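K.L.:
Provided herewith is a single structure, encoded as C-alpha cells, for subsequent inquiry.
Read-outs: derived from the displayed coordinates by stated rules, not from any lab. Keep in mind that this is a model prediction, so the values were computed, not measured. Cβ coordinates were reconstructed from backbone atoms using ideal geometry, including for glycine residues, and neighbour counts include every protein chain displayed.
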Amino acid sequence: MCGIVGYIGKKQASPILLSGLERLEYRGYDSAGLAVKNGSTETEIVKAKGRLKALVEKTDGGATLKGTCGIGHTRWATHGEPSETNAHPHCSDDRSVIAVHNGIIENYLPLKEKLEKEGYTFYSQTDTEVAVKLIDHYYKKEKNGVEALARFMLRVRGSYAIAVLFADRPDEIFVARKDSPMILGVGEEESYLASDVPAILPYTRSVYYIDNMEIARLTGGGVTFYNIDKEELQKEPVRIAWNAQAAEKGGFEHFMMKEIHEQPQAVEDTLRAAVAGGRIRLPESFNKERVQKLESAYIVACGSAYHVGVAAQYAIEDLAKLPVRVELASEFRYRNPLLSENTLVIVVSQSGETADSLAALRLAKQAGAQTLAIVNVVGSSIAREADEVFYTHAGPEIAVATTKAYSAQLVAAYLLALELGRLRERVAEEEYTRLLDELFTLPQKLRRVLEDKERLQWFAAKYAGAKDIFFIGRGLDYACALEGSLKTKEISYIHSEAYAAGELKHGTISLIEEGTLVVSILTQERLFEKTVSNMTEVKSRGAYLFGVTTYGNYALEDIADFTVYIPRTDERFAVSLAIVPLQLTAYYVSVARGLDVDKPRNLAKSVTVE
Ligand code: AGP
C-alpha cells in the first residue's frame, strides 16, 4: 500500500531514492514520483504514471534531478485513479511544503472543506494533498516543522507514514507516523527513511523504529525524535540482521521463484532460531501454569497467513488439546469475540503491518486476552504491540505472492502447537522428540519436492489457458487447497475455488464440465479413499484430475490424469510439502500467460489500509 523513501546526506539523492523505490515497488505500482532539492534552490518534482520504470526513464535514472536531499513514493491508489496528477509527491500551492504519504486520512473531506474556506485550492483527488495543505496551514503560522506536524497529527484521523520537505529548510526532512510502517536509517553523515527495510539495506543496516504518534527530523548528521508534545525522545539504533543480497533476485528470473527455492532455508532458520537443546523456546512467560489455564485460542490473520491458521488449528487442537478458532482479521475486528484472560489470540503476519490484523490484535488486547504474534519483520507494528512475539526467519520477502514466509509461519505454528502440547502435558517426552526431529527433516524434504519442478512446468504450460480451476481436499488437505487456490488466483488471474472435497456435491459440482481442472490434495491417509471418491465424482463429469499425494500412494494414478508425489512426513506437517507443487504450478502458469509474477495487478504486498 504505497512505499515511501527519503534521503539526506552528501550523495546524489535521486539514484538512492529510485533504487529504494524499486525495492518497495511490491507495495504499490500504479505511479511513482520524486521530489529532490539542491541546497536552497527550488525543489524539483517529477512524477510518472505506471510502473517505476516510467519514472526511471523520465529522470534518466535520476541523472536529471540533482540534489542531495529528497523523498520518493510508489503508489497503490486509494483516493483517486492512478494518474500523474494523483501521484505523489504532493505540494502546497506555493510549493513551500512537499510530501509523500502512505496510509489513509479518513477525515480528509471535512478538512478539505475547511481549507477551501481558507483559500486553498486542490488539483488532485487525493487525501494526501489535503494532508500537505493542512501541514502548510500550520507551518505558515509558526515556521516550525515539528510544531506543524504535531498539530497535523492532532487534527487528522486515519493512518500515515508521511515525509515532508519544507522549502525554507533545505537540510531537513520531517516525518510523522501513525499505523503505517516506516523505519529510519543512519549512515556516515546521511539519514534515510523508508516504508520497509529492503529499501535501505544496500546503504545501511543501522535503523531506528519510529513509534505511533511520533515525529522525527532527519538531517545529514542524524535523526532526532519528538513526541506529539514536541519533547525530544532518546532512541538507540538497531542493527538489522538481513543482508542486502537477501533482497536481490540472485540469478532467478523472478523473486517468487527465488523465494520458493528459499523455503528449505526459511524453514530451517525458523526451526534453528526456536529450538535449543532439544527444547522449543517459546517466550518465557509461556510457562506450564499459564499454558495449562488456557481455555481456547484464536488464530487471526489475512490471506495466506489466515491459511496458515486453518492448517495450524489441526496441530494445536491435536497436540495441545486446546480448542482453536481461526478467523479472518477483517471479520474478527468487527464482531464481539468471546475473549477472556485465558484466551490466547495468535496473530499471524509476514509484514507485521497488515491493518486488519493489527486492529484485531488491539481488540484482543483491549478485551484482556493474551496475545502472541507470529511475524517475519522485526520491529513491525504487530511485533511491537503483541504481548509476545514468535519471529519467523524467512528473510525479506519481495514477491507479492507469499511462499517462504507462509512456509516459515507454518513451521512456527507447528512448534507452538508442540510446545503447548508439552506444557499442557498432552504430548509425552518421546513423542515430543520424535515430532521435533521430524520437523527438522522438512528442509531436506522440501528440497526433494523442488527437484520435481520440470514436470510441473510442462503441466502448467498445458493448463495455462484454463478458465476455472478447483482445488479440493479434506481436513489439512483442504487447508492446503485454500492456499493453492489463492496462489493461482493472485498471480495467474485464473478463477479458482478451494473446496472441502466432501462439500462439492452440495452445489459446486454443477460447475464441473468437460476438461475442468480439479487439483486434489491427498496427504491424510485416513481421508484418502474419501477424497478419491470425490475425485471419481468429478471425473465422471468430465474433470481433468491433478493429484498431489505422498510417495507410496501410487494407486492414485488409476484415477488422476497427472500425479505429483511428496515425501512422507508426519501428517500434521504435510501441508508444508504439499503446498510447494501448487506454488510452482501457479508460478509457471503465470509465466506461461506472460504475466507480471512478482507484481500482480491490483495487489500490494503489505495491506496497510482497511
Ligand atoms: C498472499 O500471497 C498475499 N500476499 C496475502 O494474502 C497476504 O498473505 C496477506 O495480505 C497477509 O499479509 P501479512 O502476512 O503481511 O499480514
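K.L.:
I'd like the full set of residues that are within 21 Å of residue 180 (Cβ to Cβ) and part of a strand (DSSP E or B), limited to the stretch 214-234.
P.N.:
214, 215, 216, 217, 218, 223, 224, 225, 226, 233
K.L.:
Among the residues of the stretch 331-347, is there at least one that is touching an Asp or Glu at 6+ places or on another chain (Cβ under 8 Å) and within 10 Å of the ligand (Cβ to nearest atom)?
P.N.:
No, there is no match, as no residue in the stretch 331-347 is touching an Asp or Glu at 6+ places or on another chain (Cβ under 8 Å) and within 10 Å of the ligand (Cβ to nearest atom).
K.L.:
Within the group 279, 362, which residue is more than 14 Å from the ligand (Cβ to nearest atom), within 26 Å of residue 400 (Cα to Cα), of a type in the set (Lys, Arg) and surrounded by fewer than 24 Cβ atoms within 10 Å (Cβ to Cβ)? So that I can check it myself, show each step before the final result.
P.N.:
On the way: 279 fails: within 26 Å of residue 400 (Cα to Cα).
After applying the criteria, what remains is 362.
K.L.:
Residues to consider are 282, 271; find the one that is in contact (Cβ under 8 Å) with a residue 40 or more places away in the chain and farther than 30 Å from residue 26 by Cα.
P.N.:
Values: 271 fails: farther than 30 Å from residue 26 by Cα.
Matching residue, one of 282, 271: 282.
K.L.:
Let me ask something else about it. What number of residues within the stretch 42-65 are under 18 Å from residue 99 (Cα atoms) and of a type in the set (D, E, K, R)?
P.N.:
Residues in the stretch 42-65 being under 18 Å from residue 99 (Cα atoms) and of a type in the set (D, E, K, R): 4 in total.
K.L.:
Can you run down the residue pairs with Cβ atoms below 6 Å, 6 or more apart or on separate chains, where the first is in the stretch 375-387 and more than 18 Å from residue 210 (Cβ to Cβ) and without any contact (Cβ under 8 Å) to a residue 60 or more places away in the chain and the partner is more than 11 Å from the ligand (Cβ to nearest atom) and among the hydroxyl-bearing types (Ser, Thr, Tyr)?
P.N.:
What qualifies is 386/371.
K.L.:
Could you tell me which of the residues 536, 585, 516 is closer than 29 Å to residue 400 by Cβ, surrounded by fewer than 21 Cβ atoms within 10 Å (Cβ to Cβ) and polar (S, T, N, Q)? Please lay out each step first, then the result.
P.N.:
Details: 536 fails: closer than 29 Å to residue 400 by Cβ; 585 fails: surrounded by fewer than 21 Cβ atoms within 10 Å (Cβ to Cβ).
Among 536, 585, 516, only 516 is closer than 29 Å to residue 400 by Cβ, surrounded by fewer than 21 Cβ atoms within 10 Å (Cβ to Cβ) and polar (S, T, N, Q).
K.L.:
Using the structure shown, decide if residue 529 is more than 27 Å from residue 442 (Cα to Cα) and either away from the ligand (no atom under 16 Å from the Cβ) or aliphatic (A, V, I, L, M) (or both). Working first, answer last.
P.N.:
On the way: more than 27 Å from residue 442 (Cα to Cα): no; either away from the ligand (no atom under 16 Å from the Cβ) or aliphatic (A, V, I, L, M) (or both): yes.
No; evaluated as a whole, the condition is false for this residue.
K.L.:
Quick one: is residue 438 within 13 Å of the ligand (Cβ to nearest atom) and touching a Ser or Thr at 6+ places or on another chain (Cβ under 8 Å)? It would help to see each step written out before you state the result.
P.N.:
Values: within 13 Å of the ligand (Cβ to nearest atom): no; touching a Ser or Thr at 6+ places or on another chain (Cβ under 8 Å): yes.
Judged against the criteria, residue 438 is not a match.
K.L.:
Search the stretch 461-492 for residues being within 16 Å of the ligand (Cβ to nearest atom) and basic (Lys, Arg), and hand back the single one that is surrounded by the fewest Cβ atoms within 10 Å (Cβ to Cβ).
P.N.:
Per the criteria, the residue is 489.
K.L.:
Shifting gears a bit: Could you please find all residues in the stretch 471-492 being in contact with a Ser or Thr (Cβ under 7 Å, 6 or more places away or on another chain), within 17 Å of residue 529 (Cα to Cα) and of a type in the set (Gly, Ala, Ser)?
P.N.:
Correct list: 473 only.
K.L.:
Out of all the residues in the stretch 283-293, which are surrounded by fewer than 20 Cβ atoms within 10 Å (Cβ to Cβ) and in contact with a Leu (Cβ under 8 Å, 6 or more places away or on another chain)?
P.N.:
283, 287, 288, 292
K.L.:
Restricting to the stretch 298-330, and then to whatever is out of contact with any helix residue (DSSP H, G or I) (no Cβ under 6 Å at 6 or more places or on another chain), without any contact (Cβ under 8 Å) to a residue 60 or more places away in the chain and in a strand (DSSP E or B), can you tell me which residue is nearest to the ligand (Cβ to nearest atom)?
P.N.:
Step by step, filter the stretch 298-330, then rank; the result is 327.
K.L.:
Give me the pairs: first residue in the stretch 588-610 and farther than 18 Å from residue 261 by Cα, second residue more than 14 Å from the ligand (Cβ to nearest atom) and charged (D, E, K, R), beta-carbon distance under 7 Å, and six or more apart or on different chains, which are they?
P.N.:
Note: pairs meeting the criteria are 599/25.
K.L.:
Next question, about the same structure. So, restricting to helices (runs of 4 or more DSSP H) that lie completely within the stretch 89-192, which ones have at least 1 residues that are of a type in the set (Ser, Thr, Tyr) and surrounded by fewer than 23 Cβ atoms within 10 Å (Cβ to Cβ)? Explain how you work it out, then say what you get.
P.N.:
Values: elements: 108-117, 127-142, 145-155.
Per the criteria, 108-117, 127-142.
Yes or no, residue by residue, for (1) surrounded by 24 or more Cβ atoms within 10 Å (Cβ to Cβ); (2) within 25 Å of residue 401 (Cα to Cα); (3) of a type outside the set (Phe, Trp, Tyr):
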{"site": "16", "(1), (2), (3)": "yes, no, yes"}
{"site": "22", "(1), (2), (3)": "no, yes, yes"}
{"site": "29", "(1), (2), (3)": "yes, yes, no"}
{"site": "35", "(1), (2), (3)": "yes, no, yes"}
{"site": "54", "(1), (2), (3)": "no, yes, yes"}
{"site": "60", "(1), (2), (3)": "no, no, yes"}
{"site": "67", "(1), (2), (3)": "no, no, yes"}
{"site": "75", "(1), (2), (3)": "yes, yes, yes"}
{"site": "81", "(1), (2), (3)": "no, yes, yes"}
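K.L.:
Then there is this: How about the stretch 365-387: which of its residues are over 23 Å from residue 247 (Cα atoms) and either assigned to a strand (DSSP E or B) or within 14 Å of the ligand (Cβ to nearest atom) (or both)?
P.N.:
370, 371, 372, 373, 385, 386 - these are the residues of the stretch 365-387 that are over 23 Å from residue 247 (Cα atoms) and either assigned to a strand (DSSP E or B) or within 14 Å of the ligand (Cβ to nearest atom) (or both).
K.L.:
Residue 509 - would you say it is surrounded by fewer than 23 Cβ atoms within 10 Å (Cβ to Cβ), of a type in the set (A, V, I, L, M, F, W, C) and within 16 Å of the ligand (Cβ to nearest atom)? Full working, then the answer.
P.N.:
Details: surrounded by fewer than 23 Cβ atoms within 10 Å (Cβ to Cβ): yes; of a type in the set (A, V, I, L, M, F, W, C): yes; within 16 Å of the ligand (Cβ to nearest atom): no.
Taking the combined requirement at face value, the residue does not satisfy it.
K.L.:
Can you name every residue in the stretch 380-438 that is farther than 22 Å from residue 350 by Cβ and among the basic types (Lys, Arg)?
P.N.:
Answer for the stretch 380-438, where residues must be farther than 22 Å from residue 350 by Cβ and among the basic types (Lys, Arg): 422, 424, 426, 434.
K.L.:
Right, another one. State all residues of the stretch 388-404 that are farther than 20 Å from residue 238 by Cα and either touching a Gly at 6+ places or on another chain (Cβ under 9 Å) or away from the ligand (no atom under 14 Å from the Cβ) (or both); if no residue qualifies, say none.
P.N.:
Answer for the stretch 388-404, where residues must be farther than 20 Å from residue 238 by Cα and either touching a Gly at 6+ places or on another chain (Cβ under 9 Å) or away from the ligand (no atom under 14 Å from the Cβ) (or both): 402, 404.
K.L.:
Taking the conditions exactly as written (within 12 Å of the ligand (Cβ to nearest atom), surrounded by fewer than 23 Cβ atoms within 10 Å (Cβ to Cβ), under 18 Å from the mean Cα position of the chain (by Cα) and more than 24 Å from residue 418 (Cα to Cα)), does residue 351 satisfy them or not?
P.N.:
Details: within 12 Å of the ligand (Cβ to nearest atom): yes; surrounded by fewer than 23 Cβ atoms within 10 Å (Cβ to Cβ): no; under 18 Å from the mean Cα position of the chain (by Cα): yes; more than 24 Å from residue 418 (Cα to Cα): yes.
Considered against the rule, which asks whether it is within 12 Å of the ligand (Cβ to nearest atom), surrounded by fewer than 23 Cβ atoms within 10 Å (Cβ to Cβ), under 18 Å from the mean Cα position of the chain (by Cα) and more than 24 Å from residue 418 (Cα to Cα), residue 351 comes out as no.
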